[in-house]
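So the structure is just underneath, and the comments pick up after that.
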Amino acid sequence: MSVAFSLSVQVASETDDLPDRAQIRRWVAAALEHPAEITVRIVDADEARALNQDFRSKAYVPNVLTFEYGEIGQDESGRGILGGDVVICAPVVEREAREQGKPLQNHYAHMTVHGVLHLQGYDHLDPADADIMETREAVILKRFRIPNPYA
């Protein structure tokens, strides 16, 4: 099922080997269950650390952050349009891919899908919710021939 969305991709990183905008669009489209207006921003460690500190009071560099803005309007059929930002930290994604022996683009796909699912209310704070979210991620990634990142 395909849903309407608008996507802005921002690159604020000097890192090489970033996914291209078309690939990010495909990953976002695969994970969306609701109409949405999304920005995916790829950043370096300083920006990711500052955002994590400022908005979550956490003093470390995360791999991905999601900022949910809730319903920001309605589409022509009356469905709510979700708004939000997904911020991906390029150096952390590169390090994790290397440490986990995964292709870099596969890990970018996973972090993009993970962030978009958070935007739609999925979470992994308790084990039951984590199982639901991780299963959903694995199903989506399988469409791109990407192995289950939790296996």
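The values are calculated or read from the model by the stated rules, or taken from the named source; none is laboratory data. Because the structure is predicted, anything quoted here is derived from the model rather than measured. Using ideal geometry, Cβ is built from the backbone for each residue, glycine included, and neighbour counts are taken over all protein chains shown.
A few notes on this one:
- Filter result for Val61 (buried (at least 16 other Cβ atoms within 10 Å of the Cβ), closer than 18 Å to Asp16 by Cα and of a type in the set (Val, Ile, Thr)): no
- Any hit, region 139-149, residues being hydrophobic (A, V, I, L, M, F, W, C), within 20 Å of Ala12 (Cβ to Cβ), surrounded by 14 or more Cβ atoms within 10 Å (Cβ to Cβ) and touching a residue at least 60 places away in the same chain (Cβ under 8 Å): no
- Cβ-Cβ under 7 Å pairs, at least 6 apart or on other chains, region 82-107 side farther than 20 Å from Tyr122 by Cα and crowded, with 17+ Cβ neighbours inside 10 Å, far side modelled with pLDDT under 95 and of a type outside the set (Ser, Thr, Tyr): Leu104/Asp17
- Selection within region 39-84: residues that are in contact with a Gly (Cβ under 9 Å, 6 or more places away or on another chain) and of a type in the set (Ser, Thr, Tyr). The member of this set that is farthest from Arg98 (Cα to Cα) is Tyr69.
- Residue in region 71-78 that is within 18 Å of Ala29 (Cβ to Cβ) and touching a residue at least 40 places away in the same chain (Cβ under 8 Å) present: yes
- One residue alone among Ser6, Ser77 is more than 14 Å from the chain's Cα centre (by Cα), farther than 19 Å from Pro149 by Cα, modelled with pLDDT of 95 or more and not aliphatic (A, V, I, L, M), and that residue is Ser6.
- Enumeration of residues in region 10-25 that are touching a residue at least 40 places away in the same chain (Cβ under 8 Å), of a type outside the set (Ser, Thr, Tyr) and either surrounded by 17 or more Cβ atoms within 10 Å (Cβ to Cβ) or in contact with a Lys or Arg (Cβ under 9 Å, 6 or more places away or on another chain) (or both): Leu18, Pro19, Ile24
- Check on Asp131, surrounded by fewer than 20 Cβ atoms within 10 Å (Cβ to Cβ), of a type in the set (D, E, K, R) and in contact (Cβ under 8 Å) with a residue 40 or more places away in the chain: no
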